[in-house]
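Engineer: Below you will find the structure I want to go over with you.
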Amino acid sequence: WACCNADYEPLRVLDVGTGTGLIALFLAQRFPNAQVIAIDIDPDAVAQARDNFLSSPFANRLTAIGQSLQDMKTDKAFDAIVYNPPFFTDSLLCPDSKRTMARHTKTLTFAELARCSSRLLTDRGTLSVIIPSERKSDMEAEAIFSGFSTSRTCFVKTKETKPAKRVMLEFSKCQNHTENENLVLGDEKYVSLTRHFYL
């Protein structure tokens, strides 16, 4: 989230594919001055997110909208866009269409994500995603094509000795160097980073 300035704090944040709104709630907690817009194309998910927002202490800074990123329009650009996308692209589709939508990158490709984010972000804005580690080069290629550079890379492991299952990537239009790090679920660093989000 630092982007080009270590003191930079986003004031307008877009959570793409919010589902029940969990990440949007985390964002509102993490950035106490930010307005968080959460979008999803599933009406039931949007309704659940709205209920969760109203039950939170951040209700006045959270908005859930039934909207696709491709159709998103705004009079004021966002400082940050986050996306925790479906993790399966080539596996067999589930008979349940909503579960398929939640688990497969069928409704928003990496190319669309990068292109739309470039259009909706400020010049200093950041796009942050978490994806399977084997898709890293695919996401980076689309981001570069849309005018981004990779500003942060964090590989997420379940154990130190195991290969990373996920990678968190941050893209910026204005930062040309990359910070690289690893995160192991449950270790001291992980606990320190996540402690404020637990009851």
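The values are calculated or read from the model by the stated rules, or taken from the named source; none is laboratory data. All values reported here derive from a predicted model rather than from experimental measurement. Because the Cβ atoms are built from the backbone with ideal geometry, glycine has one as well, and the counts that use them run over all protein chains shown. Surface accessibility is based on the protein's heavy atoms, side chains included, excluding ligands, DNA and RNA. Shrake-Rupley method; radii C 1.70, N 1.55, O 1.52, S 1.80 Å.
Engineer: Sort through ALA49, ALA77 and tell me the only one that's under 10 Å from GLY21 (Cβ atoms), touching a strand residue (DSSP E or B) at 6+ places or on another chain (Cβ under 7 Å) and of a type in the set (A, V, I, L, M).
Structural biologist: Numbers: ALA77 fails: under 10 Å from GLY21 (Cβ atoms).
Step by step, each of ALA49, ALA77 is checked, and only ALA49 is under 10 Å from GLY21 (Cβ atoms), touching a strand residue (DSSP E or B) at 6+ places or on another chain (Cβ under 7 Å) and of a type in the set (A, V, I, L, M).
Engineer: Got a sec? Which of ALA45, ALA38, ALA49 is touching a Gly at 6+ places or on another chain (Cβ under 7 Å), buried (at least 18 other Cβ atoms within 10 Å of the Cβ) and in a strand (DSSP E or B)? Give the steps one after another, and end with the answer.
Structural biologist: Values: ALA45 fails: in a strand (DSSP E or B); ALA49 fails: in a strand (DSSP E or B).
Answer to the check: ALA38.
Engineer: What are the pairs with Cβ atoms under 6 angstrom where one residue, in the stretch 127-140, is closer than 15 Å to VAL13 by Cβ and the other, located anywhere, is in a strand (DSSP E or B) and of a type in the set (A, V, I, L, M, F, W, C)? Sequence gap at least six, or different chains.
Structural biologist: Listed pairs, sorted by first residue: LEU127/ILE81; LEU127/PHE171; SER128/VAL82; VAL129/LEU169.
Engineer: Further, regarding this structure: Being in contact (Cβ under 8 Å) with a residue 12 or more places away in the chain, open to solvent by 60 Å² or more (accessible area, probe 1.4 Å) and part of a loop (DSSP other than H, G, I, E, B) is the filter here; which residues of the stretch 150-177 pass it?
Structural biologist: THR158, LYS159, GLU160, PRO163, LYS165, LYS173, ASN176, HIS177 - these are the residues of the stretch 150-177 that are in contact (Cβ under 8 Å) with a residue 12 or more places away in the chain, open to solvent by 60 Å² or more (accessible area, probe 1.4 Å) and part of a loop (DSSP other than H, G, I, E, B).
Engineer: Could you check the stretch 129-149 and list, in sequence order, the residues that are open to solvent by 20 Å² or more (accessible area, probe 1.4 Å), within 9 Å of PHE171 (Cβ to Cβ) and not in a helix (DSSP H, G or I)? Explain how you work it out, then say what you get.
Structural biologist: So the first thing to find is which residues in the stretch 129-149 are open to solvent by 20 Å² or more (accessible area, probe 1.4 Å), and the list is 130, 133-138, 140-142, 144-147, 149.
Next, from what is left, pick out any that are within 9 Å of PHE171 (Cβ to Cβ): 140, 144, 146, 149.
Of everything in the stretch 129-149, those that are open to solvent by 20 Å² or more (accessible area, probe 1.4 Å), within 9 Å of PHE171 (Cβ to Cβ) and not in a helix (DSSP H, G or I) turn out to be SER146, SER149.
Engineer: Continuing with this model, one more query. For the structure I just gave you, tell me whether GLU181 is of a type in the set (D, E, K, R), crowded, with 20+ Cβ neighbours inside 10 Å and either at pLDDT 85 or above or in a strand (DSSP E or B) (or both). Explain how you work it out, then say what you get.
Structural biologist: Values: of a type in the set (D, E, K, R): yes; crowded, with 20+ Cβ neighbours inside 10 Å: no; either at pLDDT 85 or above or in a strand (DSSP E or B) (or both): yes.
Here the answer is no, as GLU181 does not meet what is asked.
Engineer: Can you pull out every residue in the stretch 31-66 that is closer than 16 Å to TYR83 by Cβ and not β-branched (Val, Ile, Thr)?
Structural biologist: Selection gives ALA38, ASP40, ASP42, ALA45, ALA49, ALA64.
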